[in-house]
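Following: one structure in structure tokens, then a few remarks.
Laboratory data are not the source of any read-out in this text; all were calculated from the coordinates shown. Just so we're clear, the structure is a prediction, and the values are computed from it rather than from any experiment. Cβ placement follows ideal geometry from the backbone for every residue including glycine, while neighbour counts extend to all protein chains displayed.
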Amino acid sequence: MKILLSNDDGYKAAGLHVLARIMSRFGDVTVVAPKFHQSATSMAVSLGVKQLSYKDLPEEGPGRWTYLDATPASCVKFGLEFKYENRDPDLVVTGINHGTNASTAANYSGTLGAAEEAAINGRKAIGVSLCDFRSDADFSAVEALLPGIMKKLIENWPGNRPGLYYNVNFPAMPLDEIKGIRIARQGAGHWVKEFEPWDESSLGTLNDSFLWQHYRVNLEDGEKAVFMRGTFVNDDPDADTADHLLLEQGWVTITPFNAQMTDMPEFERLKSL
């Protein structure tokens, strides 16, 4: 099996190295990942007349590694174009993301944007996340359970389902505390109080996370700086099927997504008009 890997945390992220070790059990691994952290880029691509630097990384492994100074979806495009003669990896897996990609976090996720890029190119695709933002997150439960999840999904992949990809999320807890694995739907929620005045002294533990890049700009006269973080508000009453609520209860969740975004009930309603 030919397997392409990518992520949105950058090629140095621990989760990507764990994923490479896991997926090397299933076949030949090729990694094309962003040079720098690219969270919340969704399916953005690095368009424009500009240089996109890349570098092969023979010191990394297992598999063949390359970084590209571009978005996660662009990394998948690059991998399909330059790493496979016929753009034909059997599977594309993205992650393991440091942080949740459940509920509406999935809409912003560069990890899932990369998986969606693979899906619209006709490749089987799976995004994987652990609900732990720390750079030294414990992936031992993922290493124990993900191989079985991958085997089950790969062996039972449905035919004639263009655009299908899977979103797998792990709670941040020891293996013996995880309740099991549940099939879920994307839960509903949104963020409020998303902008705060820029104050490094108020960032707390975020200063210790490689996920938060501290971009500083030279403010022009009259400009002020803010920081985007926010508080998540749950909008979902169904704790038995919503992915983010099942994660809070201690379940690993598998949510089927599709790149086809047409609202079919509304499509039919509009036709009836």
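Data overview
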quantity	calculated
Cβ crowding within 10 Å averaged over residues, with 106-113, 155-162, 253-260 ranked highest first	106-113, 253-260, 155-162
Karplus-derived 3J(HN,Hα), 6.51/-1.76/1.60, for each residue of the stretch 148-154, Hz, glycine and proline x	x, 5, 4, 4, 5, 5, 5
Vicinal HN-Hα couplings computed from phi for the stretch 237-251 (Karplus, 6.51 cos²θ - 1.76 cosθ + 1.60; Hz; Gly/Pro x)	x, 9, 6, 8, 10, 6, 4, 5, 6, 5, 4, 4, 7, x, 9
DSSP-loop trypsin sites (Lys or Arg not before Pro) across the stretch 82-129, with at most 16 other Cβ within 10 angstrom	83, 87
Residue order, fewest to most surrounding Cβ atoms within 10 angstrom, among 45, 32, 142	45, 142, 32
Per-pair calculated FRET efficiency, R0 = 35 Å: residue 152 and residue 272 via Cβ, rounded to 0.05	0.30
Qualifying trypsin sites (Lys or Arg not before Pro) for the stretch 1-45 [loop in DSSP, other Cβ within 10 Å: at most 13]	25
Karplus 3J(HN,Hα) series, Hz, for the stretch 109-123 with 6.51 cos²θ - 1.76 cosθ + 1.60 (x for Gly, Pro)	5, x, 4, 7, x, 5, 5, 5, 4, 5, 5, 6, 9, x, 9
For the chain, size of Cβ-based charge dipole, Lys and Arg +1, Asp and Glu -1, in debye	920 debye
131, 75 arranged by Cβ crowding within 10 Å, fewest neighbours leading	131, 75
GluC sites (Glu not before Pro) restricted to the stretch 24-112 and DSSP loop, no more than 16 other C-beta within 10 Å	59, 85
The stretch 214-273 and the stretch 9-85: distance between their alpha carbon centers, rounded to Å	24 Å
The stretch 101-146-the stretch 159-182 distance, computed between alpha-carbon centres (Å)	9 Å
Estimated distance in nm for a label pair at residue 178 and residue 47, the labels positioned 7 Å out from Cα along Cα-to-Cβ	3.9 nm
Cα-based Rg of the chain normalised by 2.2 N^0.38 Å, two decimals	1.02
For the chain, calculated [θ]222 nm from helices alone, where every DSSP H run of n ≥ 4 adds -39500 (n - 2.57)	-7000 deg cm²/dmol
Built amide H within the under 5 Å cut-off of residue 164, gap 5+	259
Greater than 23 Å apart at Cα, pairs in 12/55; 50/124; 35/224; 35/152; 152/179; 77/152	50/124; 35/224; 35/152; 77/152
Nonlocal amide H pairs with residue 172, under 5 Å, H built at 1.01 Å	131
